[in-house]
Amino acid sequence: MGPQSDLRTDGVRDVGVSLLSECVILGNSKLLALRSEGDVIIGGLFPVHYLVPNSQNTYNSKPQNQPCNGFDDRAFRWMMTMIFAVEEINRNPALLPGVTLGYHIMDSCDHIHTSLKALLSLLTHTHILGPFSIPLVSYFATCACLTDKHTYPSFLRTVPSDLFQVRGLVELVKFFGWNWVGTVGTPDDYSRYGIQAFSHQFRQLGGCLAYHLTIPQSPTFVEIGAMADTLQSSKAKVVVAFATEGQLLELFSELVARNVTGIQWVASEAWVTANMLTAPQFQLLLQGTLGFSFPGVYIPGLREFLLKVRPKAEPGFEFHNMLWEEVFDSQENTTGAPERPVCTGSEDLSNVHNSYTELSKVRISYNVYKAVYAIAHALHDLLECGSVGDSTAKAGCKGNLSKPKELLGYLKMVNFTNQFGEKVHFDDNGEPVPLYDIINWQKDSKGKIRFVKVGSYDGSVPMDQQLQLNQSKIVWTGGLSQVPVSLCTDPCPPGSRQARRPGEPQCCFDCLPCAEGEISNQTDSTECTKCPEYYWSDKRKVECVAGVDDFLSVYDTMGIILITLTLLGVVMTTVITTVFHHFRATPIVRANNSEISFLLLVSLKLCFLCSLAFIGKPSTWTCRLRQAAFGVSFVLCLSCLLVKTIVVLLAFRSTGPGSGAMKLFGPAQQRTLILCTTAPQVCLCAGWLSAAPPFPFRNPTYQASTGKIVVECREPWPAGFYLVLGYIGLLASLCLLLAFLGRKLPDTFNEAKLITFSMIIFCAVWLSFIPAHVSSPGKFTVAVEIFAILASSFGLLLCIFVPKCFIILAQPEKNIKKRMIKSPR
């Protein structure tokens, strides 16, 4: 079978074929062949042509063989390399002494049907019933399917399996960040298996196929046009092509006609060194092509041998004549056609520069060369009758050349080093070491495309060392030096993540910014990473930064204002206390139990001072002290007011100063009432702090808007605070009620009115405090409570004591006993 058949088992080597005539007759079909006599005949198939005419068989008569078209001078060079190797071996007295090799070579036409015809014509002249016991050594068949030794037990090759090439192509594509790639192939097994493996491995590494185009065996103009439309319109700017140059020719011609550029072609070994596609009309399209090729060498003497080819107008030289016609664009002189020059046969091939004469490094030809030598070494071992795997030969023994199965065993065990220093052997699957050159199509100073090695791929070494590239040497499509971009969607920048689009491949996505508290510090992140506790994302969402502790500091403007107000309240309370103490003997001070007034002033001072415990970074002792001090101070203050209110009411409801009511509620009873009303709050606070005390806590809840961590006092038992607050509210309500009852006392003594007004302010402040406290964020919660403490304290101080101080200092004439005593009307 020919190299571009479904299995691409290119180099069929048929051992034991008898000598044939110049042409082989198969039915009524006449197949061209090159042949030479010898003791052992090696058969060969080469795709000398790449176009097979469509034949419509009516089955009313035997099908006629139609000549193939599209001469491939590169494949003809492969054919001649086989002949060169055979003749070189025949001249070597050490390799096969006394045995000459012959050859029988036919054209597969790069087509499965023609390949089968040629193969069957070879087998017809052997004593073998079928091909499965005949050793086959391929120089070009890379399909991974041929690795199966159960199906192909006699198949060996001097080229690696596509399994390794596909791995290399996937690594190459991913290395350059191309994740949106198109593929082009043909319906044969070589292309189908190669692209299937490429697609599978590519997807496993996160890549996506934008499309897959299959070129039919005989594509129509409409089909070629549709494929060109896809290539033009797709965002995929990298295309991997598994095909031969002949199969790609029509598609490339259509793209050239449309002036399509900007596509980065990635070539399989089948066409990466195809000179046919380096013609000037293809340069804009294919310059920069990158692909895998077999390692190349310079074979001494091969060029001279190829240049000796001459056309002859006799049977057996048809291929020579075709080369001459292709190279010199002429016809044989037997045709007499006037429109083209007549070939004389004297033309000089050495002046021709094409794929036939370009031999600085041959690749496929080298594989042919190695295949012929592998067969020769196996024949040598067989003739020496050494056991398979044993280098010891039996003297005087002659092997049986008529048994291909016996030769196959020796062929599998072949192991020699050729003149180029390469160790030639086959592994258990009949394959060589997977080694490739990476080839780049570059234009030289003369404007011609040259195949430049820019790297290598060795499938036998550890994975991280397999792909070796010299990026600085690569020229990209259009002659550019910058790596092309082939993406369905531009990469998501750091600080964002991919969001898959429903119904589209994973490479097509939208980019969404990371949420607050999450980051992505890499390009194309699929997920955002949540920052650790007490860390927050920066503005770009690319880094987690430690949260800044946030609390009501003494250095904040708000903290300074509140401290100032607190100190002002303490100073005012101290001044009023001093005034009251200095004028303690005056009627206005003595009129309402001066002891209670001083205790009330002390409690107000404590109320002012307790607000300082709320300012600054919370600690264990401040968290416990602040609410207890607040609760007890205000209860003590309200207890004093309650006692003062009761005293006022009793004093002006009784018939005289010495009445029984005042005796029953004397100073001792007043102190007892203050103690009894304060004690529950003290007990409540003591129990609360003992069982579930507040503690400092770093609360990251408010980071979303501020990026700060609020340090606050966490209440393990929130009910404790509300019970403390509720008890204060209860005493305040009771004071307000009693003061309201005494609102109509004589104008000359307005204590009840002052208490009433102060309690109204007090209750209004703390009723407003509850919703403000709940809704305020972070440190503003503390500020609201401090404000409530200061506002209510100032309300009590200003309403109750400032009017009396005004009388004491500004209107001393009213501070007499006569003015303090006035019966109610």
Checklist entry - So is ARG540 touching a residue at least 24 places away in the same chain (Cβ under 8 Å), outside the structural domain of LEU205 (by TED's automatic domain parsing) and not in a helix (DSSP H, G or I) or not? => result yes
Checklist entry - Which of the residues that make up segment 38-83 are at pLDDT 85 or above, assigned to a loop (DSSP other than H, G, I, E, B) and within 29 Å of THR357 (Cα to Cα)? => result GLY38, PRO47, VAL48, ASP72
Checklist outcome for this item: GLY246: passes all of (1) within 34 Å of the chain's Cα centre (by Cα); (2) part of a helix (DSSP H, G or I); (3) surrounded by 21 or more Cβ atoms within 10 Å (Cβ to Cβ) but (1)
Checklist outcome for this item: Selection over segment 600-655 where residues are over 19 Å from PRO693 (Cα atoms), in contact (Cβ under 8 Å) with a residue 60 or more places away in the chain and polar (S, T, N, Q) yields a count of 2
Checklist entry - From the residues in segment 785-825 that are out of contact with any Gly (no Cβ under 9 Å at 6 or more places or on another chain) and among the hydroxyl-bearing types (Ser, Thr, Tyr), which one is modelled with the highest pLDDT? => result SER792
Next on the checklist: When you scan segment 720-731, do you find a residue that is more than 23 Å from ALA628 (Cβ to Cβ), of a type in the set (Val, Ile, Thr) and buried (at least 19 other Cβ atoms within 10 Å of the Cβ), even just one?
Outcome noted: no
Checklist entry - Under the condition of being of a type in the set (S, T, N, Q) and farther than 25 Å from ASP427 by Cβ, which residue from segment 95-151 is modelled with the lowest pLDDT? => result THR126
Checklist entry - Which of the residues spanning segment 524-562 are crowded, with 18+ Cβ neighbours inside 10 Å and under 22 Å from LEU798 (Cα atoms)? => result LEU562
Next on the checklist: I need the full set of residues from segment 423-459 which are of a type in the set (D, E, K, R), assigned to a loop (DSSP other than H, G, I, E, B) and within 22 Å of ARG167 (Cβ to Cβ), in order please.
Outcome noted: ASP427, ASP428, GLU431
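When you look at LEU213, is it assigned to a helix (DSSP H, G or I), in contact with a strand residue (DSSP E or B) (Cβ under 9 Å, 6 or more places away or on another chain) and farther than 22 Å from PHE164 by Cβ, yes or no?
Criteria not met by LEU213.
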Item to check | Test result for ILE576, of a type in the set (Val, Ile, Thr) and either closer than 25 Å to VAL635 by Cβ or at pLDDT below 90 (or both) | outcome: yes
Item to check | Qualifying residue in segment 181-201 (condition: assigned to a strand (DSSP E or B) and more than 17 Å from LEU290 (Cβ to Cβ)) | outcome: yes
Checklist entry - If a residue has to be touching a residue at least 24 places away in the same chain (Cβ under 8 Å) and either touching a Gly at 6+ places or on another chain (Cβ under 8 Å) or not β-branched (Val, Ile, Thr) (or both) to count, how many in segment 575-599 make the cut? => result 9
Item to check | Residue that is farthest from SER619 (Cα to Cα), among those in segment 543-565 that are part of a loop (DSSP other than H, G, I, E, B) and of a type in the set (A, V, I, L, M) | outcome: VAL554
Next on the checklist: Tell me yes or no: at least one residue of segment 624-637 is touching a helix residue (DSSP H, G or I) at 6+ places or on another chain (Cβ under 9 Å), surrounded by fewer than 19 Cβ atoms within 10 Å (Cβ to Cβ) and of a type in the set (Ser, Thr, Tyr).
Outcome noted: no
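Conditions tested, residue by residue: (1) surrounded by 15 or more Cβ atoms within 10 Å (Cβ to Cβ); (2) acidic (Asp, Glu); (3) more than 23 Å from TRP180 (Cβ to Cβ).
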{"position": "LYS446", "(1), (2), (3)": "no, no, yes"}
{"position": "LYS453", "(1), (2), (3)": "yes, no, yes"}
{"position": "ASP458", "(1), (2), (3)": "yes, yes, yes"}
{"position": "VAL461", "(1), (2), (3)": "no, no, yes"}
{"position": "ASP464", "(1), (2), (3)": "no, yes, yes"}
{"position": "LEU467", "(1), (2), (3)": "yes, no, no"}
{"position": "LEU480", "(1), (2), (3)": "no, no, no"}
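The values are calculated or read from the model by the stated rules, or taken from the named source; none is laboratory data. Bear in mind that the values here come from a model prediction, so they are computed numbers and not experimental data. In this analysis, Cβ positions are derived from the backbone assuming ideal geometry, glycine residues included, and neighbour counts consider all displayed protein chains.
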